[in-house]
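Engineer: Encoded as structure tokens, here's the structure I'll be asking about.
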2 protein chains.
Amino acid sequence: MTDTKPIRRVAIIGTGVIGASWTALFLAKGLQVVATDIAPNAEASLRKFVETAWPALTRLGLSPGASQSNLKFTPALAQAVSGVDLVQENGPERIDFKQKLYGQLDGLLPSDVIIASSSSGLRMSDIQLGAASHPERCVIGHPFNPPHVIPLVEIVGGSKTSEDTIRRAEEFYTSIGKKTVRLKKELPGHVANRLQAALAREVYYLVAEDVLSAADVDTALSWGPGLRWGVMGNMMLNHLGGGPGGIEHFFEQFASPMTASWKALGSPVLTPEVQKKLVDSVHTEVGSRTIEELEAERDEVLFGLIELRTKRAETVAPRKVAARAG
Amino acid sequence: MTDTKPIRRVAIIGTGVIGASWTALFLAKGLQVVATDIAPNAEASLRKFVETAWPALTRLGLSPGASQSNLKFTPALAQAVSGVDLVQENGPERIDFKQKLYGQLDGLLPSDVIIASSSSGLRMSDIQLGAASHPERCVIGHPFNPPHVIPLVEIVGGSKTSEDTIRRAEEFYTSIGKKTVRLKKELPGHVANRLQAALAREVYYLVAEDVLSAADVDTALSWGPGLRWGVMGNMMLNHLGGGPGGIEHFFEQFASPMTASWKALGSPVLTPEVQKKLVDSVHTEVGSRTIEELEAERDEVLFGLIELRTKRAETVAPRKVAARAG
């Protein structure tokens with residue numbers, strides 16, 4: 001392990017939904033944050049977001065030194081990135097915009113400062129072409145929304161990203177409590193969005209085909225397989241689904257029926273009529289409940305589940321991750 | 001609502017994995033259970049299963065009168081179903097076997113006794129052809145494994161199933177704490193197994209294509225979208241994903257990119273080589289942990305999550321379901 005400077009000060013570029021959520025998380029983890037955005041009212045919106053998120057972050061656990069007062073804001077890019085140890089970039093998803101931005105950042109930053117992009121739709125191999133001098137310090141660090149709540153960060157390098165950058169990005173995110181995964185190939189949607197798309201396709205199909213209502217398909221997911229996916233991943237659940245014979249026995253039993261079942265899955269087309277059917281069915285499910293009430297319901301259980309999972313992980317492997325990252 | 005006899009005594013036909021788990025659940029809910037199976041040692045295996053499951057059931061909540069001593073066992077079908085209010089059938093998934101069995105049951109049981117099948121692979125329209133006198137009381141009541149832990153029950157009628165049977169089955173399962181969904185069409189795999197298959201297809205593809213390891217795809221699911229699916233269903237999450245504009249705004253933003261992303265999803269072929277790659281990657285993830293340790297980890301978080309969800313539901317809508325079913 002090389003002896004790199006610890007990351008204490010982070011620049012946030014772009015303070016829309018994702019950038020604001022990263023800001024709140026970094027502050028809660030005791031970091032110094034300098035945010036920049038050229039939108040009018042960006043600073044006020046950002047500070048409001050952080051204030052609103054703070055009770056949730058407090059519940060999930062503040063680090064020593066965590067404070068909203070560690071947030072600085074400037075509309076000037078050069079000032080924002082001066083003296084930072086890492087940049088988390090959340091700009092618009094346009095390749096020309098990003099390449100130009102990475103060129104500017106490459107000129108402003110010392111070569112050992114990581115530039116991490118929250119991009120979900122662009123490839124780092126294309127983005128880093130803009131950073132001609134030091135493309136090797138550019139990497140995708142894609143959060144699952146919202147980053148201040150959901151632990152997952154997907155890390156993917158472009159063709160010019162160095163192993164050292166990937167390792168340091170993993171260590172940084174892990175040190176602030178994120179769960180990182182490393183993708184060895186650049187794919188549209190990375191991984192988590194693809195898993196969501198695969199599931200949503202069948203969900204929409206079943207409601208569109210009048211097999212069941214939105215309320216019932218939500219019950220089927222969240223009181224059926226979804227309960228387990230909140231606890232463990234598909235591969236490990238398959239291992240346990242094989243009984244004492246584990247994953248080998250699982251495939252012996254299920255590889256063939258599973259393959260057959262894939263042929264029967266649906267391919268819905270989201271015509272305006274299909275969308276209307278889905279929307280109407282959701283409104284029946286929602287009834288008189290407001291968005292705020294439903295968000296509160298979601299977050300209360302979500303935070304409880306994250307606490308359960310974190311407590312269990314600490315019981316099983318006390319401080320393992322912290323020790324490795326420290 | 002018609003004035004039907006409450007269900008106090010249930011026959012379990014077939015005491016394999018699913019039948020044994022149903023038995024444990026029904027006992028925990030204070031019901032009398034008579035189980036039957038012609039396999040040697042079936043009774044001893046069943047009683048052992050119930051005993052092993054009892055601490056979990058106690059944690060999830062025993063009903064008044066719940067006792068393992070309310071279990072009777074007989075290898076004789078006619079004796080098993082004598083005087084019962086409902087039959088839960090878990091026989092082999094062979095249509096000839098089931099049709100013959102339903103013929104026998106139809107002759108043995110009064111016409112108002114529901115015959116519910118746990119079948120995942122057969123259609124009730126085919127099964128109920130065997131019950132020539134009263135096919136209308138036959139229905140699929142498909143649990144998500146294991147039924148004594150996971151709340152979901154999928155209810156589907158065949159072409160001859162009556163609305164009254166479906167309503168009574170829903171009321172019965174709901175009264176013992178299950179979450180029921182009603183399918184208006186007979187489809188292979190019902191709903192939950194299809195959702196699992198849709199997700200697993202992409203998971204296997206990503207590992208098979210060396211995008212990431214089994215450990216990482218499990219992290220991506222269970223610390224990303226899976227966390228939410230343990231809390232709420234896809235449709236409601238989409239509604240909240242649309243912000244203040246709800247599900248309408250969600251589709252305005254995402255219908256088009258979602259449709260594009262479906263084209264990029266994978267279609268893996270589970271050749272022996274691909275299966276070996278998946279198996280090897282799972283073993284790397286598992287390391288030295290035993291099946292028992294992993295099961296304990298899964299169940300501890302799973303029970304905690306079910307408690308969280310149940311508590312939240314009771315806060316929001318106190319005793320609504322119980323009042324309706326009572």
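The values are calculated or read from the model by the stated rules, or taken from the named source; none is laboratory data. Here the structure is a predicted model, which means the values were calculated and not measured. Positions of Cβ are backbone-derived with ideal geometry, glycine not excepted, and every protein chain shown enters the neighbour counts. These area figures cover heavy atoms from the full protein model, side chains too; ligands, DNA and RNA do not enter into them. Shrake-Rupley method; radii C 1.70, N 1.55, O 1.52, S 1.80 Å.
Engineer: Mind telling me which of the residues A:63, A:111, A:120 ends up being under 16 Å from the mean Cα position of the chain (by Cα), among the polar types (S, T, N, Q) and over 14 Å from residue A:22 (Cα atoms)? So that I can check it myself, show each step before the final result.
Structural biologist: Working: A:63 fails: under 16 Å from the mean Cα position of the chain (by Cα); A:111 fails: under 16 Å from the mean Cα position of the chain (by Cα).
Result of the check over A:63, A:111, A:120: A:120.
Engineer: Any residue at all in region B:236-258 that is in contact (Cβ under 8 Å) with a residue 40 or more places away in the chain, open to solvent by 10 Å² or more (accessible area, probe 1.4 Å) and facing another protein chain (nearest Cβ under 8 Å)?
Structural biologist: no
Engineer: Could you count how many residues in region B:83-105 are in a loop (DSSP other than H, G, I, E, B) and either at positive phi or without any contact (Cβ under 8 Å) to a residue 24 or more places away in the chain (or both)? Spell out the reasoning first.
Structural biologist: Keep residues of region B:83-105 that are in a loop (DSSP other than H, G, I, E, B), which gives B:83-85, B:90-94.
Remaining after also requiring either at positive phi or without any contact (Cβ under 8 Å) to a residue 24 or more places away in the chain (or both): B:83, B:94.
Of the residues in region B:83-105, 2 are in a loop (DSSP other than H, G, I, E, B) and either at positive phi or without any contact (Cβ under 8 Å) to a residue 24 or more places away in the chain (or both).
Engineer: Could I ask something else about it? Which one of A:206, A:212, A:187, A:183 is more than 21 Å from residue B:302 (Cα to Cα), facing chain B (nearest Cβ under 7 Å), of a type in the set (A, V, I, L, M, F, W, C) and open to solvent by 20 Å² or more (accessible area, probe 1.4 Å)? It would help to see each step written out before you state the result.
Structural biologist: Working: A:206 fails: open to solvent by 20 Å² or more (accessible area, probe 1.4 Å); A:212 fails: open to solvent by 20 Å² or more (accessible area, probe 1.4 Å); A:183 fails: open to solvent by 20 Å² or more (accessible area, probe 1.4 Å).
When all the criteria are applied, what remains is A:187.
Engineer: How do the pairs read when you match residues in region B:297-308 that are surrounded by 17 or more Cβ atoms within 10 Å (Cβ to Cβ) with residues anywhere that are assigned to a helix (DSSP H, G or I) and among the charged types (D, E, K, R), using Cβ under 7 Å and keeping only pairs 6 or more apart or on different chains?
Structural biologist: Going by the 7 Å Cβ cut-off, the qualifying pairs are B:297/A:312; B:300/A:312; B:301/A:309; B:301/A:312; B:302/A:228.
Engineer: Let me ask you something else. If you check every pair at least six apart or on different chains, which have Cβ atoms under 7 Å apart with a residue in region B:61-73 that is under 30 Å from residue B:308 (Cα atoms) first and a residue that is basic (Lys, Arg) second?
Structural biologist: The qualifying pairs are B:63/B:29; B:66/B:29.
Engineer: Do we find that residue B:176 is within 29 Å of residue A:286 (Cα to Cα) and either open to solvent by 10 Å² or more (accessible area, probe 1.4 Å) or facing chain A (nearest Cβ under 9 Å) (or both) in this structure?
Structural biologist: On the way: within 29 Å of residue A:286 (Cα to Cα): yes; either open to solvent by 10 Å² or more (accessible area, probe 1.4 Å) or facing chain A (nearest Cβ under 9 Å) (or both): yes.
Criteria met by residue B:176.
Engineer: Of all the residues that make up region B:181-236, how many are under 24 Å from the mean Cα position of the chain (by Cα) and in a helix (DSSP H, G or I)?
Structural biologist: The qualifying residues number 24.
Engineer: Please verify whether region A:126-137 includes one or more residues that are in a strand (DSSP E or B) and surrounded by fewer than 23 Cβ atoms within 10 Å (Cβ to Cβ). Spell out the reasoning first.
Structural biologist: Looking only at region A:126-137, we keep the residues that are in a strand (DSSP E or B), and these are none.
The answer is no, given that none of the residues of region A:126-137 is in a strand (DSSP E or B) and surrounded by fewer than 23 Cβ atoms within 10 Å (Cβ to Cβ).
Engineer: Then there is this: Scan region B:2-39 residue by residue and report those that are under 22 Å from residue B:151 (Cβ atoms), β-branched (Val, Ile, Thr) and open to solvent by 10 Å² or more (accessible area, probe 1.4 Å).
Structural biologist: Listed by number, the residues that qualify are B:7, B:15, B:17, B:18.
Engineer: Let me ask something else. So which residues in region B:277-292 are at pLDDT 95 or above, more than 8 Å from chain A (Cβ to nearest Cβ) and within 29 Å of the chain's Cα centre (by Cα)?
Structural biologist: B:289, B:290
Engineer: Would you confirm whether any residue within region A:268-283 is open to solvent by less than 40 Å² (accessible area, probe 1.4 Å) and of a type in the set (Ser, Thr, Tyr)?
Structural biologist: Quick first cut of region A:268-283, residues open to solvent by less than 40 Å² (accessible area, probe 1.4 Å) only: A:268, A:270, A:274, A:278-279, A:281-282.
Pick out the ones that are also of a type in the set (Ser, Thr, Tyr) and you get A:281.
Within region A:268-283, one or more residues are open to solvent by less than 40 Å² (accessible area, probe 1.4 Å) and of a type in the set (Ser, Thr, Tyr).
Here's the yes/no breakdown for (1) within 30 Å of residue A:226 (Cα to Cα); (2) touching a Leu at 6+ places or on another chain (Cβ under 9 Å); (3) open to solvent by 60 Å² or more (accessible area, probe 1.4 Å); (4) not aromatic (Phe, Trp, Tyr):
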{"site": "B:48", "(1), (2), (3), (4)": "yes, no, yes, yes"}
{"site": "B:71", "(1), (2), (3), (4)": "no, yes, no, yes"}
{"site": "B:77", "(1), (2), (3), (4)": "no, yes, no, yes"}
{"site": "B:96", "(1), (2), (3), (4)": "no, no, yes, yes"}
{"site": "B:108", "(1), (2), (3), (4)": "no, yes, yes, yes"}
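Engineer: With respect to residue A:120, is the statement that it is surrounded by 16 or more Cβ atoms within 10 Å (Cβ to Cβ), touching a Gly at 6+ places or on another chain (Cβ under 9 Å), under 24 Å from residue B:260 (Cβ atoms) and at pLDDT below 95 true? Steps first, please.
Structural biologist: Numbers: surrounded by 16 or more Cβ atoms within 10 Å (Cβ to Cβ): yes; touching a Gly at 6+ places or on another chain (Cβ under 9 Å): yes; under 24 Å from residue B:260 (Cβ atoms): yes; at pLDDT below 95: yes.
When the stated conditions are applied, residue A:120 passes them.
Engineer: Out of all the residues in region B:151-180, which are of a type in the set (A, V, I, L, M) and part of a helix (DSSP H, G or I)?
Structural biologist: Kept after step one, since they are of a type in the set (A, V, I, L, M), are these residues of region B:151-180: B:152-153, B:155-156, B:166, B:169, B:176.
Scanning region B:151-180 gives B:166, B:169.
Engineer: A follow-up question, please. Report, by residue number, each residue of region A:139-148 that is open to solvent by 10 Å² or more (accessible area, probe 1.4 Å) and either in contact with a Lys or Arg (Cβ under 8 Å, 6 or more places away or on another chain) or more than 9 Å from every other protein chain (Cβ to nearest Cβ) (or both).
Structural biologist: A:142, A:146, A:148
Engineer: Hey, residue A:110 hits all of (1) closer than 18 Å to residue A:77 by Cα; (2) in a loop (DSSP other than H, G, I, E, B); (3) in contact (Cβ under 8 Å) with a residue 12 or more places away in the chain; (4) of a type outside the set (Val, Ile, Thr) but one; which does it fall short on?
Structural biologist: Failing condition for residue A:110: (3).
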